[in-house]
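All remarks here apply to the structure that follows.
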Amino acid sequence: MTANKMAAALLVAGLMAVGSPAALAETSISLQQAVKKNMVDVQVKSLGGATGNTIRVEVQSKIAGEVRVHVDPGTVFISTTGRVQNMTGGRIKGEFVTARTYRPGSVMVLVDTKRRAYCVEAFCLDYHKKPPRNGDTFSLALNDARANRILSAPKDTSVSVWAYQTALWMDRAGVSPAELKRRYPRRVTDVEVRAARGMLTHAQRTGIAGIPAGIPADVRVHVERIFSADPAARKKAIESLGGMGERARPALPLGAVNVVSDTPGRWTPDTIVEVLADPNQAADALKQLGLPGLESWIRTFAGGQVEIPGLTGDPTDALKIIRNARVERLIGSLKSPLPGVRQRAAMVLGTLNDARAVEPLIAVLKDADKRLVSLAAESLKTITGQDFGTDQAKWRAWSKKNRPSEAAPSQPSTPSEGSTPREF
């Protein structure tokens, strides 16, 4: 048997072993839920490359008894450096028996506290970044709704995993099939493009099927376009819904989880949000995002067409409230059970340069997550102009002396080289 035929046989065997997502859910727990419930410890590494069997997930049980864990399609693995592509998980391919070979299987079976390593089919989310190198590390984050629908689409075993990757790039960044075929002539063929389009059609239909009943017909027309594979069509749909005021309120949850990642040409993992089924909760979350993809809806709320406490018709006031709420949301994310969410929050808080983040960032300097501690220290340095590294005691002493009498956010600014350290 040739190497190619053997690989194909393993692929088919792996696909047959997977079974339906519903069947998995009945007998196992998702990786994210297992982490949230403090049942397992997870470390994620790249084996090099962006597509296929490129992610090594090491899992260690923290409880007595057998634990069975599956990976939901669309699970996000965020680069700990930010310099390479972020990844999304597909399916578990099997448990590693050597550094590069694995025994096919669709579930992680943990019967003791031994650390076990599994191969997870993974795909790139960032078309414009370099692929990960062997050994690059990642952190587990939330599930991405759009990627989930694409990766859950039925797959013809006659096409390669690049059909999924093609679909993700077309949906995420609006990359044309012609560009993909030019860049990856041996990977992306007409066969992969046709399969990718079928996956996108399936994802769109699945999304539309989940639209709740009772949405007015004129609103629903635009809501359905939120599930389009074309980023430009999604943007237009949001703009249209943004002008419909109160009538579009029922569509807010769908907008929040489908369009927040539409930063032009790039994907920003800071924008991943939990699904908010209640329109009023989604409205409250919307003002916290402050993202380009939802500007029109935010402007609508700021103009008073839809009432949100604290928002007025003054654009400056609206932006301030949005920014303040975003800072508070990120501070809350420092306590997330998912390491990728915590790390991203620590990183982004430094860019927002808000004094309210100082005490929460100091608090995580004793965390066991070394990457989180490093990011918190860097953000503290950016916000305060001081540099005590990861020494929590020195940061606490400095903070006690320089703590403001009133909790007021600092203005975003970048200290010039050699400038006097800021107090706040």
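Can you pick out the pairs among Lys335/Lys394; Lys37/Lys235; Lys114/Lys400 whose Cα atoms lie more than 32 Å from each other? List each step's numbers first, then the result.
Working: Lys335/Lys394 22 Å; Lys37/Lys235 36 Å; Lys114/Lys400 43 Å.
Checking Cα-Cα distances, Lys37/Lys235; Lys114/Lys400 exceed 32 Å.
Using the Karplus curve 6.51 cos²θ - 1.76 cosθ + 1.60 with θ = phi - 60°, what ³J(HN,Hα) values do you get for each residue of region 43-56, in whole Hz, with x for Gly and Pro?
After applying 6.51 cos²θ - 1.76 cosθ + 1.60, I find 10, 10, 10, 8, 9, x, x, 10, 9, x, 7, 10, 10, 10 Hz.
Using the 10 angstrom Cβ neighbour count as an exposure proxy, how do Lys155, Lys130 rank, fewest first?
Least crowded to most crowded, the residues run Lys130, Lys155.
Could you tell me how many cubic angstrom of Cα convex hull volume region 145-191 has per residue? Each step should come with its number before you reach the end.
Numbers: hull volume 2.9 nm³, N = 47.
Hull volume normalised by residue count: 62 Å³.
What residues qualify as long-range amide H neighbours of Ile29, i.e. H under 5 Å apart, gap of 5 or more or another chain, H built at 1.01 Å from N?
Counting only residues 5 or more places away or on other chains, the set is Arg68, Val69, His70.
Non-local amide H neighbours of Lys93 (under 5 Å, H modeled in plane, Pro and chain starts lacking H): which ones?
Cys119, Val120, Glu121
Take Arg234, Arg371 and order them by how many other Cβ atoms sit within 10 Å, fewest up front.
Values: Arg234 23, Arg371 18.
Placing the least packed residue first, the sequence is Arg371, Arg234.
Could you give the alpha-carbon Rg of region 354-406 over 2.2 N^0.38 Å, rounded to two decimals? The partial results should precede the final answer.
Numbers: Rg = 10.2 Å, N = 53, 2.2 N^0.38 = 9.9 Å.
Dividing the Cα Rg of region 354-406 by 2.2 N^0.38 Å gives 1.03.
Sorted from largest to smallest, which semi-axis lengths in Å does the alpha carbon gyration tensor of region 54-208 give for its equivalent ellipsoid, taking the root of 5 times each eigenvalue?
Values: eigenvalues 161, 59, 44 Å².
Whole-Å semi-axes of the equivalent ellipsoid: 28, 17, 15.
For Lys62, Lys400, Lys129, what's the fewest-to-most ordering of other Cβ within 10 Å of each Cβ?
So the residues, fewest neighbours to most, are Lys400, Lys62, Lys129.
Using θ = phi - 60° and the Karplus form 6.51 cos²θ - 1.76 cosθ + 1.60, what ³J(HN,Hα) does each residue of region 242-248 get, whole Hz, x for Gly and Pro?
x, x, 9, x, 4, 4, 8
Give the long-range amide H neighbours of Asp144: residues separated by 5 or more places, or on another chain, with amide H under 5 Å away, using H modelled in the peptide plane at 1.01 Å from N.
Thr75, Val76
DSSP loop (so not H, G, I, E, B), at most 11 other Cβ within 10 Å: list which trypsin sites (Lys or Arg not before Pro) in region 172-230 pass both filters. Working shown, then result.
On the way: sites: Arg172, Lys181, Arg182, Arg183, Arg186, Arg187, Arg194, Arg197, Arg205, Arg220, Arg225; in loops: Arg186, Arg187.
Counting only loop positions with at most 11 other Cβ atoms within 10 Å, the trypsin sites (Lys or Arg not before Pro) in region 172-230 are Arg186.
Given a Förster distance of 30 angstrom, what is the FRET efficiency for Asn402 paired with Ala368, based on the Cβ-Cβ distance and rounded to 0.05?
Values: r = 28 Å, r/R0 = 0.93.
Calculated value: 0.60.
None of the figures in this text is laboratory data; all of them are computed from the coordinates on show. Treat the numbers as computed from the prediction; the structure is a model and nothing was measured. Cβ atoms come from the backbone with ideal geometry, glycine included; neighbour counts cover every protein chain shown.
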